[in-house]
Each structure stands twice: as C-alpha cells, then as structure tokens.
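See structure below.
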Amino acid sequence: MKDLFTIGEVARLFQLNIRTLRYYDSIGVLKPERVDGETGYRYYSTRQFEQLNAICYMRALDMPLEQIRRFLEHEDVAAVLEMFRQQQKQVEEKKQELARIEARIRTRIRLLEDAVQTVYGNIQLRRLPRRELVILKTSISVTDDLEVPIRSLDQEYRNELRDAIFLGKVGVSVSREDLLARRFGEFSALFLLLEEGDGYTGPRMELPEQDYMTLRFQGTHSQAEGYYRMLLGEMERQGLAAAGDSVEITLVDAGITSRTEEYVTELQIPVIIS
C-alpha cells in the first residue's frame, strides 16, 4: 500500500477540489504530511485520511472551519461532544430564522396571488382581522414621493424596520376628519403593517377587528381621490359613516412591476354596523 498520496489523488479519493485542500493547508486545518522542497508538491499520508473524513463530515454539518481546526488541535471526546452541542444550538436558531423567512414568503405569495385576481372598482363590506402596525403621524401631500417619509419611519424606530419594509405592508391614511370633509390632498399618517417573522419588538399600535368598506383600483396613491369619493358615496347610500382614519395600501406598484396596468391599490374605511 502506498504511504503517501499526491494532492490530486487525495482530491479524487474524497471528491474535493484541489483548491480546497490548498486552502485547508493555508489556514492550518489540514497540512500535508510532506511538502517537496524542490517542487512544492504536497503529499498526504493515510494517517491523515481519518482527519479528512472528520473534516468532510463536520463541513457537511455546516461547522465553521475555525471550529474544526481547534478541534483537530485538541482531539478528545469532550471536545467533539461540546462542538456538536454548539452546532445543534446554531442549527435550532437557523431553523427558527428559516421558519420566520418562510412565513414572510408565504404571506407575500398569498397577497400577490390575491392582488392579481383583483376586480377593480368592486366595493365590498368586509370584516378585517386585528392588525398591528408601526405608525408615523405626519402630514404628507398626495403628490409627494413616499420614499422619504418611509425612511423617516425606519429612522424613527432605530432602523429596526428596514427588513420589514416591503410592498403590501407600507400604507398611508386619510384622517376621518378629512374623509368627512371630502378633503384628499394630504395623508395624515404613514404606517407599516407588521406580520409574523418581522422580528420587530418596539412600540406598535393596534387596528382592532372591524368592518371596513373596501375598494381596489388600478393605480397608486396619487390617483386615490376619485375612488375615495366612490367609496364614500356608496357608504352614504347604505347609511354608513367613517368610524376612523382610512387604511390605504398599494399591493402592486413600480416596486414590483413596470406595467402600470398591473398596479393595485386598496382603500379601506372603517365603519360601524348598527
């Protein structure tokens, strides 16, 4: 049996890239048994195969190379047991993070699938569930670009919202006072709807479960006035009045498509049903 194997032979035996073995050498994870002083060729012994088996196994468990290197320097049962316990803890944390990401993706898919099936101009009375949100009370002209106040909202809450800001979650409100007076030139607030997986732990407010008159239209916030008038007109015909500020959310806009005919904005006005 051969005593020494070239780096190419070892790479083939373990189905590794030669560059990987060279990297392991450079960071001290697995140095070759011998290096030819004239050619620089690396040679590995069968004694090192056991170490390489351990490295491959631990890398398959996603263990960091630095952690593997420390283990190989001080091999014993207690060390490997502690290493596996630490890795198990990290895997559990990753699973929880992936579950949060999956929940956010699932919500986005559901909302987008619902948005693409929109029937524009269809006024509905709907019971909407309790919602939590982060809100920035500020006057915003309907002609203003919302990106600046969105950044202000993020900064107001110490940049904790950056990963939560996305289409279908950021919205604006027209105050109840302005709705009753049929004034639509300004929004009274900017808000972010919170959902499972956002990881935000700061202050928030609640929209209770309530009845809303709702309408979706093809366009964005700047085109909302005529649709508010339609919605309020239907409420008058049904003997209903606004019970609070509106909730106005763009479900699809330029952030997700370049086709304006695919834009979808939803208006929601809370009402009290006697």
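The values are calculated or read from the model by the stated rules, or taken from the named source; none is laboratory data. For clarity, every value in this text was computed on a predicted model and none was experimentally measured. We place every Cβ from the backbone using ideal geometry, glycine too, and count neighbours over all the protein chains shown. All accessible areas refer to the heavy atoms of the entire protein, side chains included, with ligands and DNA or RNA removed. Shrake-Rupley method; radii C 1.70, N 1.55, O 1.52, S 1.80 Å.
Annotations for the structure displayed:
- Label positions at L180 and L125, each projected 7 Å from the Cα along the C-beta direction, are separated by 2.1 nm.
- Residue-wise HN-Hα coupling along region 253-270, computed from phi with Karplus coefficients 6.51, -1.76, 1.60 (Hz; x: Gly, Pro): 8, 5, x, 10, 8, 8, 9, 4, 5, 9, 5, 9, 10, 10, 9, 10, 10, x
- Protection-proxy order for peptides 217-226, 87-96, each taking the mean of Cβ atoms within 10 Å per residue, highest first: 217-226, 87-96
- Share of carbon and sulfur in the accessible area of the chain stands at 50%, probe radius 1.4 Å.
- Using equal-weight Cα scatterers in the Debye expression, the normalised intensity of the chain in log10 at q = 0.17 Å⁻¹ is -1.30.
- Accessible surface calculations at 1.4 Å, restricted to protein heavy atoms, place the chain at 58 Å² per residue.
- Relative contact order for the chain: 18 percent, from Cα pairs under 8 Å spaced at least 6 residues apart, divided by residue count.
- Solvent exposure, largest accessible area first (probe 1.4 Å, DNA, RNA and ligands not counted), of L111, L125, L231: L125, L111, L231
- A Förster distance of 22 Å, applied to the separation of the beta-carbon atoms of Y41 and T20, puts the FRET efficiency at 0.85.
- Kirkwood hydrodynamic radius (C-alpha pairs) into Stokes-Einstein, region 65-130, 25 °C and 0.890 mPa s, D in µm²/s: 148 µm²/s
- Inter-part distance where region 164-238 and region 16-67 are each reduced to a Cα centre, Å: 60 Å
- Per-peptide packing, taken as the mean over residues of other Cβ atoms within 10 Å, places 264-271, 28-35 in the sequence 264-271, 28-35 from highest down.
- Listed peptides 60-67, 4-11 appear in the order 4-11, 60-67 once ranked by packing, highest mean of other Cβ atoms within 10 Å at the front.
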